[in-house]
Amino acid sequence: MTSYPTTIPAGTTLRVGDQGTIKPALDLSGQAADTPYKIDWSKFASGPLLLEAFRANAVDVGYVADTPPVIAAASGQDLAVIASWHNPPGQMVLLTKPGSPIRSVTELKGKKVAITTGTILQAYLLRSLDSVGLEQKDVEIVNLAITDIPTALARGDVDAGVTAEPLATTYLQANPTAHKVDGADTSPVVQYLITTQKVLSDPAKQAALGDFVQRWVKAVSWRDANTDEYIDKYYVEELKVPLATAKVLVGTGIPSEFVPIDAESIGGAQKLADLFHASGVLPKKIDISKVFDARYNSAVEEAQQ
């Protein structure tokens, strides 16, 4: 039994904000075909930019990592997490500049560390620091776009930086005296499908979202079972990414494990919110449970059967 409307009126449109993950999986798996609603796609370079689109009421649904919802909740932004999945650790990497003597997270104290604030990179750094009793104030943060972090490291502008695959592997290959920092965070990467309470107040869009969640779960299952085809058709043919690079990128991000919106998943998000507060990133403690909505758990379960 579903806890959302299932009748999708003719003429319904879902405006989907993507960061290059949802559309290709839906297209290649066949799940984008014959939707009983129109999909308007918009592409965004980062979670914070997607949140801006939600704030402007320009999108209805999209995906982000676990950090942007914490930042949004702290500002009182209308946001609702309706599905969650975990990717394996390994996508995020904490790296040093070439020739650095830094070997462990503990040795980052007082050093310049590059991240992209308000993103998963910041969460990764906070978790890594917290594991050795350090906070964000114990390092000098340098806020850069993720694509600029390897360049800053190579120039020696920063002592260390958090980046993601395949940027990390490419950087290490080009800078053999640089290395990964020992003791960095090894927890799974948490991802969310998000919408807003305003969207959820529309029965037509509520119903469309139920169908969309199911299609996304099935698309992910197809992608994880057909990685070679996914890599060849999307990364190599469409994006012109070298095969070896694409294999690193996709290989560190699968398989994805969907988890229900429940006390455990909300508790994990609350720990991150508390960590942001303790590190001085958020001025006050927040109750992150207010941005989670469990009504589509049944859609995820049905899609997995």
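Residues Gly268, Gly210: which one is closer than 18 Å to Thr6 by Cα and in a helix (DSSP H, G or I)?
Values: Gly268 fails: closer than 18 Å to Thr6 by Cα.
The unique qualifying residue is Gly210.
Pick out, from the stretch 8-75, the strands (runs of 3 or more DSSP E) lying fully within it that include 1 or more residues that are surrounded by fewer than 18 Cβ atoms within 10 Å (Cβ to Cβ) and in contact with a Gly (Cβ under 6 Å, 6 or more places away or on another chain).
On the way: elements: 13-18, 38-43, 61-65.
Those strands (runs of 3 or more DSSP E) span 38-43.
The set of residues from the stretch 151-183 being assigned to a loop (DSSP other than H, G, I, E, B), within 26 Å of Ala246 (Cβ to Cβ) and at pLDDT 95 or above comprises Asn175, Pro176, Ala178, His179, Val181. Among the conditions (1) at pLDDT 95 or above; (2) closer than 18 Å to Ile22 by Cβ; (3) in contact with an Asp or Glu (Cβ under 8 Å, 6 or more places away or on another chain); (4) open to solvent by 30 Å² or more (accessible area, probe 1.4 Å), Val199 misses just one, which is (4).
Scanning the stretch 131-150 for residues that are open to solvent by 50 Å² or more (accessible area, probe 1.4 Å), among the acidic types (Asp, Glu) and at pLDDT 95 or above yields a total of 2. State whether the residues of the stretch 90-110 include one that is under 27 Å from Val300 (Cα atoms), of a type outside the set (Phe, Trp, Tyr) and part of a strand (DSSP E or B). For the stretch 90-110, residues under 27 Å from Val300 (Cα atoms), of a type outside the set (Phe, Trp, Tyr) and part of a strand (DSSP E or B): present. When Lys137 is tested against (1) in contact with a helix residue (DSSP H, G or I) (Cβ under 7 Å, 6 or more places away or on another chain); (2) assigned to a helix (DSSP H, G or I), only condition (1) is not met.
The values are calculated or read from the model by the stated rules, or taken from the named source; none is laboratory data. As the structure is a computational prediction, the values presented were derived from the model and not from experiment. Cβ atoms come from the backbone with ideal geometry, glycine included; neighbour counts cover every protein chain shown. The area values use the complete protein model at the heavy-atom level, side chains included, leaving out ligands, DNA and RNA. Shrake-Rupley method; radii C 1.70, N 1.55, O 1.52, S 1.80 Å.
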